[in-house]
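First comes the structure, then the notes that go with it.
Just so it is clear, none of the values below were taken in a lab; they were calculated from the coordinates. Source: prediction; values computed, not measured. Glycine gets a Cβ as well: all are built from the backbone with ideal geometry, and neighbour counts include every protein chain shown.
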Amino acid sequence: MRMTEEEYRKAQSRVKAPARADAKVVAKAPAKATKYGNRKTIVDGIKFDSKRGARYRVLKEDEDAGFIRNLVIQPVFVLAPPVVLKGKKKPALRYYADFGYEASVASGDWVKIVEDVKSAATKTSALYRVKLHLLKYVHGIDVDEV
């Protein structure tokens with residue numbers, strides 16, 4: 001059976017053309033809603049969730065004024081080393097805080113502060129509570145929740 005030229009064009013229009021390496025994507029998928037309804041913001045070229053960005057601005061101003069020093073974004077604390085379970089290597093358990101810094105106290109000393117910006121929903125999470133417990137036990141660190 002042979003196709004006419006018109007039938008061939010119709011058939012070709014239904015076939016999706018292969019993507020070219022230099023082709024640009026025109027349509028993007030709609031943005032997925034975040035778990036807790038937060039909105040991303042960019043502060044000093046760093047992408048934050050909305051509340052964390054606002055807190056970073058405050059901490060950065062405090063650092064510039066000399067009230068705090070050594071501001072670190074997302075300091076990492078190892079809670080347990082890597083292990084082998086049932087023949088498979090599992091990575092270390094880590095806690096990622098939102099901010100870490102040293103603050104000046106009345107005596108003139110500097111104390112280390114670890115901060116987390118959390119919503120009420122996250123504060124009640126069992127996993128979050130276990131990680132805070134381990135952080136205190138392993139490193140002796142209390143987390144300030146903002």
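Looking at the stretch 100-146 only, could you name the residues that are among the polar types (S, T, N, Q), under 21 Å from K51 (Cα atoms) and either surrounded by 14 or more Cβ atoms within 10 Å (Cβ to Cβ) or in contact with a Phe, Trp or Tyr (Cβ under 9 Å, 6 or more places away or on another chain) (or both)? Spell out the reasoning first.
Applying the first criterion (among the polar types (S, T, N, Q)) to the stretch 100-146 yields 104, 107, 119, 122, 124-125.
So of that shortlist, the ones also under 21 Å from K51 (Cα atoms) come out as 119, 122, 124-125.
Within the stretch 100-146, S119, T122 qualify.
I need the full set of residues from the stretch 101-146 which are among the charged types (D, E, K, R) and touching a residue at least 40 places away in the same chain (Cβ under 8 Å), in order please.
Matches in the stretch 101-146: E115, K131.
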